[in-house]
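A.B. asks: I have a structure I would like to understand better, so I am pasting it below and will then ask my questions one at a time.
Every read-out reported here was derived from the displayed coordinates using simple, explicitly stated rules and does not represent laboratory data. Just so we're clear, the structure is a prediction, and the values are computed from it rather than from any experiment. FYI the Cβ positions are ideal-geometry reconstructions off the backbone, even for glycines, and counts take in every protein chain you see.
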Amino acid sequence: MSVDKATVAKIASLARISMDDAALDRMVPELNGILQWVEQLGEVDVTGIEPMAAVIPNTLRLRADVIDADALTGGGRQGDVLANAPAAEHGFFGVPKVIE
């Protein structure tokens, strides 16, 4: 596959990138080089090789799935939490109006 100047201009337009003619001319060989490299990767024999997401085995460290009794009742800490708020109104955080 080969990319020409018109194709680079179309890609730049779709990406909302403003490019002059000199920049388009510079990008043509760069994109063609990238595409040649991708085609070269397609020539590698990968039969019998399992797909992997990482080169080292990863396992997630899991925590115990227990229910916190304070989380169910709200913890009764509304006053402590609102003590850090710059403005508290009616038991909630007060924020400035953002719609004009």
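A.B. asks: Compute the convex hull volume of the Cα atoms of the chain, divide it by the residue count, and report the result per residue in Å³ as a whole number.
C.D. replies: With only Cα atoms used, the chain gives 303 Å³ per residue.
A.B. asks: So how tilted is helix 21-42 from the main axis of the chain? Cα-based, degrees 0 to 90, rounded to 10.
C.D. replies: 90
A.B. asks: Stretched out fully, how many nm does the piece from M19 to I34 gain, at 0.36 nm a residue minus the Cα gap?
C.D. replies: 3.5 nm
A.B. asks: Okay, moving on. To the nearest 10 degrees, how steep is helix 5-14 against the longest Cα principal axis of the chain, on a 0 to 90 scale?
C.D. replies: 10
A.B. asks: Sticking with this one: For a quick check: with amide H placed at 1.01 Å from N, whose amide H comes under 5 Å from A88's, ignoring anything fewer than 5 positions away on the same chain?
C.D. replies: The answer is G94.
A.B. asks: Continuing with the same structure: Which residue, chosen from N84, A15, L60, occupies the Cα position most advanced towards the positive end of the dipole of the chain, where the dipole is computed from +1 (Lys, Arg) and -1 (Asp, Glu) charges on Cβ about the Cα centre?
C.D. replies: So the residue we want is N84.
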